[in-house]
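The values are calculated or read from the model by the stated rules, or taken from the named source; none is laboratory data. Treat the numbers as computed from the prediction; the structure is a model and nothing was measured. Heads up, the Cβs are rebuilt from the backbone with ideal geometry, glycines too, and the neighbour counts pull from every protein chain shown. SASA here: full protein model, heavy atoms, side chains in, ligands and nucleic acids out. Shrake-Rupley method; radii C 1.70, N 1.55, O 1.52, S 1.80 Å.
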Amino acid sequence: MTLTATTAHPRSTTAARIEYTAVSKKFGDTTVLTGLDLTVEPGEFVALLGPSGCGKSTALRILAGFETASSGTLTVDGRDVLRVPAHRRGIGMVSQSYSLFPNLSVADNVSFGLVVRREVKARRVAKLTSLLDLVGLPGYADRFPAQLSGGQQQRVALARALAIEPRVLLLDEPLSALDAKVRSSLREEIRNLQLRLGITMLFVTHDQDEALAMADRVAVMRGGGIEQIDQPGVLYDQPSTDFVARFVGTTNQLAVARGAAIPDLWVPLREGDHDLLYVRPESLMFEEYDRGCAHIVSHVYRGATTRITAKIDGSISRGSSEIKVDVPSASVTELPIGIRVRVRLTGRPALRVEA
Amino acid sequence: MVHVSRKTRAARDVRVVAPGLSWALIILVALYIAVPMLCAFAFSIYVPTAGFTFEPYLESVRDPGFPGALSLTLLITVLTVVGLLALMVPTMVYLHLRAPRWRPIIEIVCTIPLVVPSIALAAGLVTVLRSMAGFGRGSLPAQVSQLLQNPDLPVVLVGSYIVLTLPFVFRSLDAGLRTIDLRTLVESAHSLGASGATVLRRVILPNIKGPVIFSAFFCIALCLGEFTVAVTLGYRTLPVWLTQIAGSNFRASISMSLLINALTWALLIAMTVLAGRAAPARARALKGHES
Ligand SMILES: Nc1ncnc2c1ncn2[C@@H]1O[C@H](COP(=O)(O)OP(=O)(O)O)[C@@H](O)[C@H]1O
Ligand SMILES: [Mg+2]
């Protein structure tokens, strides 16, 4: 799938607006969604991010029509869809894996929705060609799903879902069964495709890197509700709760005296009321210091930067007992394992909460 | 170490012995099946007084009872296969998709015919039908009883045969549905605009073709060979007719039963070939992958 492909492709002229209002879902006694409110603008790419079991798939499946909502309303372009059967919603869906029809060739898989709609053959063929080009699989029409790699299967699933020109495309962890390399390239391709087609997309993932890299806005979910929804940068720099601060990106939790000003040099607080500062690894620095409060225990090389972990001396009952700092890999030799350091704040904490 | 080597030696011995043993077993079973049939065949075409002849076959076909028995059996067979699949395929799909908790219960219910002798089933049916007829001419139960026993369209026999095949059909379809990712396939098809019937026809059936064909075959074989229930309920199906003519023309009855047997084998082979072709995508695809 290349951005420079010149073939015509189906452009969604009817990107839809999605609005969940107080949508709840119970399975027996367990409440899985607790009054979900979420608006996705036409052409927007929103990622639902959260730990496993927080209700992401359920939220998506209610929109697709595979689950009913216990209460609340859900509209697409202002029209209530909850009572419309799944096959009349015109909502595309790509799931984790193994969703291609194993008995059908790639061509028949992609054409499935068009055949069901009784589109004329000439149009089907033209669409098939342009869709296979779009997902970077020209010439694969006669293959069967079992002959394709996981990444190729997901591309076909994408083409198949796009064939019916859905008003909305839902993706439920479409990349999580793939290996790292394919995952990151497909990540970009899906995003590019979404931008080109201008289609409204709701994307479920438990992988924060994926969510931050792809989405216009990320909705962090927890226990059946949305904790915060914002652009990736805002989510990272200004998390609204400690859950978001911990779930998105890496943070160090540093205790300071209740209400005290943010210090330049941080020292562990062992008694009294305290606030917790959530500080990103790039907003801290270690300085070699004989009477420092921590000593370096590990280096993890990550390419341009290296993550250095230092353990705070003594027992720590508030905040992290280890502090992680990212430094340019070139300067790592200045902080060898074992040396004693002090901790300097070089940037603003992402969040401060009264503990 | 000693332990390990002894174990591997044992394993090797098994492997050395196995091919010979398994061939012997296969030959034994083949003989067990083939010898009686060959004897019957020899008996049917060799008349001591007249030498080799196909006369018994012609006699059996010429018997005045044959056309009626054949058409009744074929009608029952077709209705049973259609009824069975129409009942069981949607039921099993529903069970897997919507009511997995009911699966054990349905499994037990479907297994009961295996442990109830068919004579008991037939006797029970006779009792019920009789007591329904006992309500008196024109009463609703009597009418239902009559309808079920319509001599031209014996619904009660079709129903019995469906019940008798349930244990095997349940297992076959159950296993078939387990091997595919049913929920994902169904949901994908729905989101592409396919309604329930379309999903069943275009997505589910093609992916459980093997088990469906096996079920149909099993059902056909049963319908062509079942005797107990048919005779107890008083229908002259092919097997019932066969035993009746056996009294007057034993050789003819043997030749006809051989014909039916051959038909069943032919069906089995045809179904196996069909099922082999039906499991296409994966097998064919994998072959293509290797080359
Ligand atoms: N059909 C169901 N019946 C009962 N519980 C369910 C069903 N589907 C999901 N759940 C429960 O709902 C919760 C949320 O599930 P899900 O939406 O799949 O989470 P996520 O996709 O965020 O991992 C889980 O605890 C799961 O066990
Ligand atoms: Mg999920």
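Computed values, structure above
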quantity	calculated
Over segment B:103-159: Kirkwood hydrodynamic radius from C-alpha pairwise inverse distances, Å	12.8
Helix-only mean residue ellipticity at 222 nm for chain B, each DSSP H run of n ≥ 4 adding -39500 (n - 2.57), per residue, nearest 500	-26500 deg cm²/dmol
Kirkwood Rh and Cα Rg combined as Rg/Rh, segment B:66-286	1.03
Chain A, Rg to Rh (Cα coordinates; Rh as Kirkwood inverse mean 1/r)	1.07
Phi to ³J(HN,Hα) by Karplus 6.51 cos²θ - 1.76 cosθ + 1.60 over segment B:85-95, Hz, x for Gly, Pro	5, 5, 7, 7, 5, x, 4, 5, 5, 4, 4
Per-residue ³J(HN,Hα) for segment A:201-214, Karplus 6.51 cos²θ - 1.76 cosθ + 1.60, θ = phi - 60°, Hz, x for Gly and Pro	10, 10, 10, 9, 7, 9, 9, 5, 4, 4, 4, 5, 6, 9
Coordinate range along principal axes, alpha carbons of the protein assembly as shown, Å, largest first	118, 74, 57
Cut-off under 5 Å, modelled amide H: who pairs with A:Ser24 long-range	A:Gly35, A:Leu36, A:Ser70, A:Ser71, A:Gly72
For segment A:257-317 versus segment A:327-350, the gap between their alpha-carbon centres in whole angstrom	9
Shielded residues, segment A:158-200 - accessible-area loss of 20 Å² or more between chain alone and all protein chains, probe 1.4 Å	A:Arg160, A:Ile164
Percent of alpha-carbon pairs separated by more than 16 Å within segment A:254-355	55
Charge tally in the Cβ shell below 11 Å around A:Lys56, where Lys, Arg are +1 and Asp, Glu are -1, A:Lys56 excluded	0
A:Ala294 long-range amide H proximity, modeled H, under 5 Å	A:Asp313, A:Val341
In the B-A interface, the accessible area buried, summed over both sides, Å² (probe 1.4 Å)	2200
Heavy-atom accessible area ranking, 1.4 Å probe, most first, across B:Ser248, A:Ser111	B:Ser248, A:Ser111
Neighbour count of at most 14 Cβ within 10 Å plus DSSP loop: longest chymotrypsin sites (Phe, Trp or Tyr not before Pro)-free window in chain B	B:136-226
Neighbourhood net charge (12 Å Cβ-Cβ; Lys/Arg +1, Asp/Glu -1) for A:Ser24	0
Cut-off under 5 Å, modelled amide H: who pairs with B:Thr237 long-range	none
Exposed-loop-free span, longest in chain B, where trypsin sites (Lys or Arg not before Pro) count as exposed if DSSP calls them loop and at most 11 other C-beta atoms lie within 10 Å	B:138-291
Dipole magnitude of segment B:66-286 about its Cα centre (Cβ charges: Lys, Arg +1; Asp, Glu -1), debye to nearest 20	380
Carbon/sulfur fraction of accessible area - the protein assembly as shown, other protein chains in place, 1.4 Å, %	61
DSSP loop trypsin sites (Lys or Arg not before Pro) with at most 16 other Cβ within 10 Å: longest gap in chain A	A:119-257
Surrounding net charge for B:Val144, when Lys and Arg each add one and Asp and Glu each subtract one, Cβ distance under 14 Å	+2
Computed magnitude of the charge dipole of chain A (debye, nearest 20; Cβ of K, R +1, Cβ of D, E -1)	1180
³J(HN,Hα), Karplus 6.51/-1.76/1.60, whole Hz, each residue of segment A:53-70, x for Gly, Pro	x, 8, x, 4, 4, 4, 4, 5, 5, 5, 5, 6, x, 9, 10, 9, 8, 6
